[in-house]
Amino acid sequence: MFPDAVDQYANARARMVQSLREISGIYSGAVLRAMSSVPRHRFVSEALRYHAYRDTSLPIGFNQTISKPSTVARMLQALELTGGERVLEIGTGSGYQTALLSRLAGTVVSSEGIDELHKRAREVLLFDLGLANVVLHHTFDFDSLSGEYDAIIVCAGAAVFPGSLLSRLTPNGRLIIPVGGSGGQVLTRYCRTRDDMIIEDSIGRASFVPLVSAVS
Ligand code: SAH
């Protein structure tokens, strides 16, 4: 699917995936396969490419970071995607996780508030990798994106939980969001049941940049 899936970083990527399985405890075959095929080095600057397959977050400019692979894998695994879902991602950032979602779901709608990051992600995802099932929006105002989603994933820490997102989930839909302030967040999963109950659980801790509220 990806033009440079066989590349000079193929071995480093295979080692990353092995450590996700053996050290980080990622068991989802679909997530591990997606992570084997998406070239993470394409989402960081030339100067950082050498570090692209380490389990660490890396700067992408504008005080933002590309998330750590094990955190991305944990969140994606918890979404339990089966291939046909319509997914909303808030915080495109580099676009790395967007590319993974495009392999795991049917359609991915992703929003990013910083214009330059939105444009860079568009370049890599739509033009370089040619992903046809990704729609990118430039906005901090995720409430303005219409529609319901089978899964929603937020890639920035919410000091206050944006409850409006729950009403955007289809029955059986899942929302993953890091909840907490700058000291670290709890990766929280909300599942909307078919009879309209919300079940909440935690899938661990993480440290994300803050979610920007569009309402000031
Ligand atoms: N998954 C991304 C993470 C990027 S960091 C990656 O791996 O590259 C989080 C991103 O969320 C930043 O780019 C930031 O600008 C963006 N962001 C923060 N608040 C937002 C909001 N309300 N709407 C859209 N994007 C937001």
Sole exception among (1) more than 9 Å from the ligand (Cβ to nearest atom); (2) touching an Asp or Glu at 6+ places or on another chain (Cβ under 8 Å); (3) among the hydroxyl-bearing types (Ser, Thr, Tyr) for Thr98, by number: (1)
For the stretch 166-191, which residues satisfy the criterion of being farther than 21 Å from Val109 by Cα and among the small types (Gly, Ala, Ser)? Gly180, Gly181, Ser182, Gly183, Gly184
Taking into account only those residues within the stretch 129-169 that are in a loop (DSSP other than H, G, I, E, B), more than 11 Å from the ligand (Cβ to nearest atom) and of a type outside the set (Gly, Ala, Ser), which is farthest from Cys191 (Cα to Cα)? Leu129
Out of everything in the stretch 55-74 that is in a loop (DSSP other than H, G, I, E, B) and within 23 Å of Gly29 (Cβ to Cβ), what residue ends up being farthest from the ligand (Cβ to nearest atom)? Asp55
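Yes/no per residue for (1) under 18 Å from the mean Cα position of the chain (by Cα); (2) at pLDDT 95 or above; (3) open to solvent by less than 20 Å² (accessible area, probe 1.4 Å):
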site: Leu117; (1), (2), (3): yes, yes, yes
site: His137; (1), (2), (3): yes, yes, no
site: Asp141; (1), (2), (3): yes, yes, no
site: Ile153; (1), (2), (3): yes, yes, yes
site: Val179; (1), (2), (3): yes, yes, no
site: Gln185; (1), (2), (3): yes, yes, yes
site: Asp196; (1), (2), (3): no, no, no
Out of Phe127, Phe142, I need the residue that is without any contact (Cβ under 8 Å) to a residue 24 or more places away in the chain and among the aromatic types (Phe, Trp, Tyr). Which one? Phe127
Quick check on the stretch 86-95. Is at least one of its residues assigned to a helix (DSSP H, G or I), within 17 Å of the chain's Cα centre (by Cα) and buried (at least 22 other Cβ atoms within 10 Å of the Cβ)? no
Please state which of the following conditions Ser70 fails to meet, knowing it meets all the rest: (1) farther than 30 Å from Val212 by Cβ; (2) out of contact with any Lys or Arg (no Cβ under 9 Å at 6 or more places or on another chain). (1)
What is the residue count in the stretch 198-216 for residues that are assigned to a strand (DSSP E or B) and more than 18 Å from the chain's Cα centre (by Cα)? 4
If a residue has to be of a type outside the set (Val, Ile, Thr), open to solvent by 10 Å² or more (accessible area, probe 1.4 Å) and over 23 Å from Ile66 (Cβ atoms) to count, how many in the stretch 155-169 make the cut? 6
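The values are calculated or read from the model by the stated rules, or taken from the named source; none is laboratory data. Quick caveat, the model's predicted, so the values are computed rather than measured. Every residue, glycine as well, gets a Cβ built from its backbone with ideal geometry; the counts of neighbours run over all protein chains shown. Note: accessible area is taken over every heavy atom of the protein model, side chains too, but ligands, DNA and RNA are not part of it. Shrake-Rupley method; radii C 1.70, N 1.55, O 1.52, S 1.80 Å.
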